[in-house]
Structure formats: C-alpha cells, structure tokens
Amino acid sequence: MEDWKALSSVGVGYRSGMLTVVEPTRQRRNGYVVWRCRCDCGGEILLDTRYLQRGAVRDCGCGGGWRARTNLAGKRFGKLVCLEPIHEKVKGRTLWRCRCDCGNECVAVSTQLTHGYKKSCGCLHGPRSDEFLGKRFGALTVMSYAGKSGGKHLWNCRCDCGGETVVSQSNLRNGHTKSCGCLQREIHRQNLKIVDGTSVVMIENRMKQPIKSNTSGVSGVYYNNKLNQWSAQITFKGKTYYLGSFDDLEDARRARKRGEEMYDDFLEWYYSEYVGEGKSTEMK
C-alpha cells in the first residue's frame, strides 16, 4: 500500500484547480490515500491521490465556483436579487439566498436563476383569481390579490358594512373570517342588549352587585380621599353624573338610589317597548 508521505507532490496545502488539500483521511481507494479537500467556493470533497496528481478533478462540483464564474451577488433575476451564496449544493450547483421585491426571502439554485426558471419567491404564481376575485365569503367580497406573507395567500376584501380588510385565503375557504369584524361587534352588542347606546345587561348587573373594588357595598358610591367624604355618581348613556358628596355613607347611598330612578325609567321603557306585548326584541 502506498504511503501518502512518500508522495511528496501531494500533501496538506496541495492545490489542484480550485481545490486545496486539508488533511488525509483513514480511507483508502485501490491502495491510494483519500484526502479531504476544500474548494474555493467553500464546498468540500474527498479525493484520492491519483485524482489530485492527475488534476482530473479541479473543483467540488460547483462547476468552477461562484467566485470564478457565477458570482451572482447583487444581481437581479425577475423580482429576485441575490444576496449571498449558501455553502450547500444541489447536484453540484450553488444555492443562493435571494430577496424578492415582495419582501420575502427564498433560496434558489444558481442555474434556476441564470436560465430564467425562477423569478420570484413564488408570489408571481398566485392562486387562480377566478376562484376568489369577486366571490362572496360571508359578508366579504374579494376585491384583489394582496400578495403572499408567511406562506399564505392574502386577499383584499370589502365588507357589506363598507369596511375593508385583508384576509388569508385559508380563512376565507374555511369560513373562519366572514366580515371585517362588524359581525363580531354586532353579536357582542346584541349579547349586551345595546339600546339607544345603553346596555340593559350592564345596568341590571350593576344594580344587583357592585364591582369588586367597591368598598361601599353600593355601585356608584365610593370614598373620596380628597374630600374625606362619601361621593355618589351614576353613568347613563355614556355620561357620568355627579350626585354629591356626604359625610355619612347612608346619605351617599340614598343619593345614588335617587339617581337610579333614570335606570328604572329606562328599564321600564325597554321592557314595555321591546319585550312586552309581543313586540320585536331586535336592538336599535
């Protein structure tokens, strides 16, 4: 068996084309030492002494190396601009990290770029527009394609309420998104029984039990540290009414009770107008 030390022409640092010998391995091929070699492009390859001496292999399979022949850094191919090579190979071809005009990044084989096979991250190949454009999904009408983000196709949609929103294709297909959000707001409004800007449910709940932070035991009555008195107030139709401050807690409670007469009048009107006598329960 041939000893690699005896082959003075081949050793660590020996160059053949774009290859530099890094170190010998323990492998043997037909009695010849197998060397680990590094290519100028950054790739590595294992070659035995014969191939190195003959110069039969002069690169790692990159076809001459990106530095020698295919430096694509900064070059544009369609919507893609090459950023940097990746030291991995696909069938001996260099991979490049590219940025698309849409903002996404992707990896492309050098020959795909130079031969015009790849011109974008995939955003040029959007879904068939006839499957979505102009179609209705719940209260939404698809107006235009909005591109691709995070691997998802996005569509610009107009809601029946007049609002506009961007919805992923998957959410349109599975019915997860049916409006710009107005349907959810309407459900919330109905659950709270909103009438004339006032929630019947919230009024009823506040009259039954004060919030946990309340120390007086009565909704709308609290201790005013600045005045060192008990203050009473009430909120109705989005406005807060000050009912006065008192030294005695009971006086503040009575003031609040008088203020709740507007609640009583409102609830009496609500139940007679919307619930009583078989009338519609739809909210205005």
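Would you mind calculating the gained length between LEU133 and SER149 on full extension (0.36 nm times residue separation, minus the Cα-Cα distance), in nm to one decimal? Present the calculation step by step, with values, prior to reporting the outcome.
Working: separation 16, 0.36 × 16 = 5.76 nm, distance 1.85 nm.
In short, 3.9 nm is gained.
Under a crude label model (7 Å from the Cα following the beta-carbon direction), how far is ARG158 from GLU261 in nanometres?
5.2 nm
Just list whichever of LYS75/LYS152; LYS79/LYS135; LYS75/LYS119 have alpha carbons separated by over 21 Å in the model shown.
Values: LYS75/LYS152 27 Å; LYS79/LYS135 29 Å; LYS75/LYS119 12 Å.
From LYS75/LYS152; LYS79/LYS135; LYS75/LYS119, over 21 Å: LYS75/LYS152; LYS79/LYS135.
Using Cα pairs closer than 8 Å and at least 6 residues apart in sequence, work out the relative contact order for the stretch 4-54, in percent. Write down the numbers at each step before the final one.
On the way: 85 pairs, mean separation 14.6, N = 51.
It comes to 29 percent, rounded to a whole number.
Could you work out the equivalent-ellipsoid semi-axes for the stretch 129-180, taking the square root of 5 times each eigenvalue of the Cα gyration tensor, largest first, in whole Å? Can you show the working numbers first?
Details: eigenvalues 49, 24, 22 Å².
Taking √(5λ) for each Cα gyration eigenvalue gives 16, 11, 10 Å.
No lab work stands behind these numbers, since they all come straight from the coordinates. For clarity, every value in this text was computed on a predicted model and none was experimentally measured. Neighbour counts run over all protein chains shown; Cβ positions are idealised from the backbone, glycine included.
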